[in-house]
Amino acid sequence: MTHILAIDQGTTSSRAILFDADMKIAATSQQEFTQHFPDSGWVEHEVEDLWRTVAETCRDVMDKTGLTASDIAGIGITNQRETTVVWDRDTGQAVHRAIVWQDRRTADFCREMKHHEPMVMARTGLLMDPYFSGTKLRWILENVDGARARARAGKLLFGTVDSYLIWKLTGGVRHVTDATNAARTMLYNIHEGRWDAEICKLLDVPMDMLPDVLDCAADFGTTDLLGGKTPILGVAGDQQAATVGQACFGKGMLKSTYGTGCFALLNTGDRPVTSTHRLLGTIAYQLDGKPTYALEGSIFIAGAVVQWLRDGLGIIGQASDTQPLADKADPQQRLYLVPAFTGLGAPHWDPDARGAIFGLTRGSGPAEFARAALESVGYQTRDLLEAMRADVPDLDETILRVDGGMSASDWSMQFLSDILGAPVDRPKVLETTALGAAWLAGMRAGVYPDQEGFARTWALERQFEPKMDEDERATRYAGWQDAVARTLTR
C-alpha cells in the first residue's frame with residue numbers, strides 16, 4: 001500500500017487527490033456543485049451534493065490510475081469548516097440543507113447574546129458571530145419542525161462536513177470529528193479539550209448530538225467506498241490542513257490560504273493567545289493528544305470576488321482573465337472595492353456590512369474593477385497582519401507562506417508583498433490543503449515521514465519582495481482604511 005487518498009471538500013467544489021509514496025500528486029478529480037442563496041446573507045448547500053461529489057471524485061481518481069483499495073494505505077479528509085449539517089441518526093437523511101460558514105442568518109441572535117462573548121471567547125477562542133457552527137445548529141433546531149424534540153430524543157446528529165462524510169463513508173458506524181473542526185463550532189473548550197456543557201446549554205444544544213473528538217491523525221474508521229476496507233487516518237479543517245501542508249510547525253510561522261475566502265494562521269505554540277484585536281484563538285493541529293494553537297484571521301471574500309466578476313458582473317469569462325484585465329487599468333484611478341458581500345470578518349466582525357466601491361469616476365470600467373477586486377485581497381490581508389502584529393509584537397520579521405488558487409497569480413502576490421511591505425513565499429506545491437490531509441493520514445499509516453522529516457520537504461517556488469515605496473504604501477492603505485470605515489455599520 002503506497003498511496004494516500006486525500007478528500008478536499010470545499011465551499012464550491014469537492015476534490016479527490018491521490019498522492020504517491022513520495023507525496024507527489026498521482027491524479028486529481030474535481031466537481032463543482034450548486035450554491036443556494038435563499039435570502040440576503042444566507043448561503044446553503046444540498047447535503048447530498050457534498051456526499052455525491054466526494055464519492056464520485058474518489059472513484060474517478062481510482063479509475064484514472066487503475067489503483068484498487070489494496071493500494072491505498074489511508075484516507076485523509078479536509079473540509080470547509082463551520083458549515084453545519086444535522087441528520088437523522090437512523091436514516092442519514094439531513095433535516096435541512098447544510099448552512100454554510102459564510103451564512104449570516106444568526107446575526108440578530110448573536111447581537112442579543114453579545115454579553116456572553118467574553119465567556120465564549122475565553123473558552124473557545126471565538127467571538128459570538130454567525131460564522132461559527134453553534135448558532136447555525138441552534139437555528140436548525142429552532143426552525144425545522146420537530147427538530148428540537150427529535151434532537152432531545154437522541155434521534156439527530158450534528159457535525160461539520162468532516163463528521164458527516166465520515167458517517168457516510170463508514171456506513172453510519174462512526175460519529176467523530178477532529179480537534180481542529182471541533183474548535184470551530186463555538187461549542188468546544190480549546191483549553192480543556194472537551195465540549196463545553198455551559199455553552200451547549202446556552203444555545204440549547206443537546207450534547208448527545210455531538211461527535212467524539214479525536215486527534216488530527218487517528219483511527220476514524222474504515223470505508224468500503226473504494227471496493228475494499230480502507231482506513232480513514234487523517235482529518236483537519238481546511239485552513240489547519242493548509243497550515244500542516246505548509247509545514248508551519250514552529251511557533252511564529254505564518255501561512256495564508258487564498259480560496260473562496262482568505263485565512264491567515266499564525267502558529268502560537270502550546271499556549272493559545274487571547275487576542276485583543278478581534279482575531280480568533282484556535283487549534284492549529286493536535287497530535288498525540290497535544291494541541292498546538294494558532295491565532296487566526298478570517299476574510300470571507302477572497303477568490304469569491306473573482307467569481308463575482310465572472311458570474312455577477314460578467315466582465316471576465318474565466319478567473320485567469322482577471323490579471324491581464326487588471327494590467328490595463330488606468331494607474332491614475334484609485335478604486336477601492338470592499339467585498340463585504342456576506343459581512344466583514346476579522347478584524348472588523350460586522351455581519352451587517354455589505355459590499356461597496358469607492359472612487360468611481362466616469363472613466364471607471366471593467367479593468368479598474370478587476371484591479372480593485374484583486375487589490376482588495378491584499379488590503380484585507382494587511383488588516384489581518386496589522387492585528388497579528390499588535391497581538392504578537394515580535395512578529396515583524398515573519399515571512400508569509402501562501403497557498404490556494406489565488407496564490408498562483410503573480411500579480412496578486414506581488415501586490416500582496418507590496419502592500420504588506422514584507423516577503424511572500426510561494427511553495428512549489430500549492431495543493432497544501434490536500435497535502436496536509438494526506439500527510440496526516442500517511443504519517444499515521446507509516447508511509448510518510450514524521451513532522452521533522454516532512455518539514456524538510458517544503459520547497460520554495462518563488463519569493464515576492466516588496467517594490468512599492470513606503471509613502472505610496474501608506475497612502476494606499478490609508479485609502480483602504482477610509483473605505484472600510486465608510487462600509488462598517490457599527
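Annotations for the structure displayed:
- Electrostatic dipole magnitude of the range 3-238 [Cβ: Lys, Arg +1; Asp, Glu -1; Cα centre; debye, to 20]: 380
- Simple spin-label estimate for K328 and A122 gives 5.8 nm between the two label positions (7 Å along the Cα-to-Cβ direction from each Cα).
- Using the alpha-carbon positions of the chain, Rg (one decimal) and Dmax (whole number) come out as 21.5, 64 Å.
- Taking the fewest neighbouring Cβ atoms within 10 Å as the starting point, the ordered list for D178, D208 is D208, D178.
- Placing a label point 7 Å from the Cα of R486 along the Cα-to-Cβ direction, the residues of the range 336-362 whose backbone N falls under 11 Å of that point are 336-338, 356-361.
- Label positions at E192 and D270, each projected 7 Å from the Cα along the C-beta direction, are separated by 2.2 nm.
- Length-normalised contact order for the range 3-238 - Cα pairs under 8 Å, 6+ apart - percent: 21
- Put simply, when 47-55, 125-133, 399-407, 157-165 are sorted by average Cβ atoms within 10 angstrom per residue, most first, you get 157-165, 125-133, 399-407, 47-55.
- Once the C-beta distance of W411 and E56 is scaled by a Förster radius of 35 Å, the resulting FRET efficiency is 0.55 to the nearest 0.05.
- Taking the charge dipole of the chain about its Cα centre, with +1 at Lys and Arg Cβ atoms and -1 at Asp and Glu Cβ atoms, the residue from G245, L156, T398 reaching farthest to the positive side is L156.
- Available extension along the chain between T68 and D288 is 76.2 nm, counting 0.36 nm per residue and deducting the alpha carbon span.
- Highest average packing first - 297-303, 284-290, Cβ atoms within 10 Å: 297-303, 284-290
- Axis of helix 432-445 versus longest Cα principal axis of the chain: the two differ by about 30°, to the nearest ten degrees.
- FRET efficiency, D204 to D471 (Cβ-Cβ, R0 60 Å, nearest 0.05): 0.65
- Summarising the label geometry, the points placed 7 Å from Cα in the beta-carbon direction at S320 and R389 lie 3.6 nm from one another.
- DSSP beta bridges in the range 250-382 [antiparallel fraction, %, rounded to 5]: 95
- Highest to lowest packing among 69-76, 464-471, scored as the average C-beta count within 10 Å: 69-76, 464-471
- Rounded to 10°, Cα long-axis angle of helix 410-420 versus longest principal axis of the chain: 70
- Nearest 10 degrees, 0 to 90: helix 366-391 Cα axis against the chain principal axis: 70
- For the range 184-318, the alpha-carbon coordinates run over 50, 48, 37 Å along the three principal axes, in decreasing order.
- In terms of surrounding Cβ atoms within a 10 Å radius of their Cβ, C216, C262, C200 rank from fewest to most as C200, C262, C216.
- Summarised as an ellipsoid, the range 3-238 has semi-axes of 31, 18, 16 Å, derived from the eigenvalues of the Cα gyration tensor scaled by 5 and square-rooted, with the largest first.
- Within the chain, helix-based [θ] at 222 nm, where runs of 4 or more DSSP H residues each add -39,500 (n - 2.57), nearest 500: -9500 deg cm²/dmol
- Translational diffusion of the range 412-490, µm² s⁻¹ [Kirkwood Rh, Cα pairs; Stokes-Einstein; 10 °C; 1.306 mPa s]: 101
Each reported figure results from applying straightforward, stated rules to the coordinates on display, with no laboratory input. Everything quoted here is computed from the prediction, not taken from an experiment. Here the Cβ is made from the backbone with ideal geometry for all residues, glycine too, and neighbour counts use every protein chain on show.
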